[in-house]
Amino acid sequence: MIDPGETPDEAARREFLEETGYRIGTLVPWHSYNPSVKSEWTVYAFVGQDLEKMGEPNLEAGEKIRLLTYSFDDFLTLGHNPKVRDFALRIILLEAQLDPVKRKKLKQLLYGDRQ
């Protein structure tokens, strides 16, 4: 959630630090969308790069967050996983599996020159 007076990128940095214990060095906007026509809210997605471990996660009561790492190819297969509830992300991943240009753009976004 974005706190009052906070921008989406400030909220992303704060939430990521709270929930993972890592500070984001470079935050790259990825995409945003409105999941409902009946309510006004926007989902923002970012790519965090140059992460620095600052401490342990500071989870709220009831939060269960586990960090996972994936190879790029394994990450793409999450598009087929019904447990991934973000349909926009699933579509992006599925498109990248089918379209070499979109695959290359996504890989560049995620890895930059670190490929």
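The values are calculated or read from the model by the stated rules, or taken from the named source; none is laboratory data. All figures in this text were calculated on a predicted structure; none of them were measured in a lab. As a convention, Cβ positions derive from the backbone with ideal geometry for all residues, glycine included, and neighbour counts pool all protein chains shown. Note: areas computed on protein heavy atoms with side chains; ligands, DNA, RNA excluded. Shrake-Rupley method; radii C 1.70, N 1.55, O 1.52, S 1.80 Å.
Considering only residues of region 51-65 that are exposed (fewer than 10 other Cβ atoms within 10 Å of the Cβ) and charged (D, E, K, R), which is farthest from ARG13 (Cα to Cα)? For region 51-65, the residue satisfying everything is LYS64.
Selection of first residues in region 26-43 that are in a loop (DSSP other than H, G, I, E, B) and of second residues that are of a type in the set (Val, Ile, Thr) and open to solvent by less than 50 Å² (accessible area, probe 1.4 Å), restricted to Cβ pairs under 7 Å at least 6 apart or on distinct chains, gives the following pairs, ordered by first then second residue: PRO35/VAL43. For region 1-25, which residues satisfy the criterion of being assigned to a loop (DSSP other than H, G, I, E, B) and touching a Leu at 6+ places or on another chain (Cβ under 8 Å)? Of everything in region 1-25, those that are assigned to a loop (DSSP other than H, G, I, E, B) and touching a Leu at 6+ places or on another chain (Cβ under 8 Å) turn out to be ILE24, GLY25. Going by the structure shown, is TYR44 more than 19 Å from PHE75 (Cβ to Cβ) and not acidic (Asp, Glu)? Taking the combined requirement at face value, the residue satisfies it. Considering region 102-115, and only residues there that are part of a helix (DSSP H, G or I) and open to solvent by less than 60 Å² (accessible area, probe 1.4 Å), the residue that is farthest from PHE46 (Cα to Cα) turns out to be LEU106. For region 77-101, residues that are part of a helix (DSSP H, G or I), of a type outside the set (A, V, I, L, M, F, W, C) and surrounded by 12 or more Cβ atoms within 10 Å (Cβ to Cβ) total 5. In this entry, GLU10 is excluded by the filter for residues that are in contact (Cβ under 8 Å) with a residue 40 or more places away in the chain and under 15 Å from the mean Cα position of the chain (by Cα).
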